[in-house]
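All of the numbers you see were taken from the coordinates with simple rules; none came from a lab. The structure displayed is predicted, hence computed values, not measured ones. Glycine also receives a Cβ, built like all others from the backbone with ideal geometry; neighbour counts cover every protein chain displayed.
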Ligand code: C5P
């Protein structure tokens, strides 16, 4: 996407058990990283207070809370997240949920829709009572997300090119499952190297373990930013 500095396109997933661990990692990364994702693990261990402190200090925060509830509850939750100062918030891509979140969003907070969790295959959808295929449901929900006014979508790099063509240039596409060449894949099955994900049309890359578990996290983060820069 034009206009976003390469360094701001790297989002580091703070998948660590405590605020102290997160603070140590943030300190090690220094000004190499300016955007952090906080998910269930850290959010439920004091991470929301950290999110507010980071946002106040000018660091961008992605709260990966994947909200889904009745509209009134979603709207009130989104209003609270907006007060924390987060930049991105995820919600599941159900129309009622997305409408409530979009309506309650205030300036500065962008709503990202999670179409179908990447751990789901066609059999898992059938088990959950859906008759269609994952690819069909991803496309349908992506269309609905944009129609309803969500700001973007979280998707795997494998889906980026197709979704970009579908949702247009203005929608924000955020992509996890990124591995620099040579990094351990862990439990991610379909991985992309940073440059390829950017070339396919991703706006932001979410990277966790390749940075968190590195002996020199800052060097890995800088290398990813370089690769983003070259592919942009
Ligand atoms: O450690 P790793 O780089 O695999 O971390 C990826 C991050 O992105 C994790 O926080 C994970 O929960 C998140 N994520 C993902 N796949 C999705 C959505 C989110 O890996 N489809």
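Sequence gap at least 6, Cα distance under 8 Å: using those rules, report the relative contact order of the stretch 1-117 to the nearest whole percent. Over the stretch 1-117, the number comes to 20 percent. Look at where the Cα atoms of the stretch 30-51 and of the stretch 155-197 average out, and the two centres are 21 Å apart. List residues of the stretch 92-125, by number, whose backbone nitrogen lies under 13 Å from a label position 7 Å along Cα→C-beta of residue 82. Answer for the stretch 92-125: 100-111.
Measuring nothing but how far apart in sequence close Cα pairs (under 8 Å, 6+ apart) lie, relative to its length, the chain scores a relative contact order of 20 percent. Calculated from DSSP H runs of 4 or more alone, at -39500 (n - 2.57) each and per residue, what is the 222 nm mean residue ellipticity of the chain, nearest 500? Result for the chain, helices only: -13000 deg cm²/dmol. Across the chain the C-alpha pair distances fall into 5 Å bins from zero in the proportions 1, 7, 15, 18, 20, 18, 13, 6, 2, 0 percent.
For residue 123 and residue 70, the difference between the fully extended length at 0.36 nm per residue and the C-alpha to C-alpha distance is 16.4 nm. Under the criterion of Cα pairs below 8 Å and six or more residues apart, the relative contact order for the stretch 170-223 equals 38 percent.
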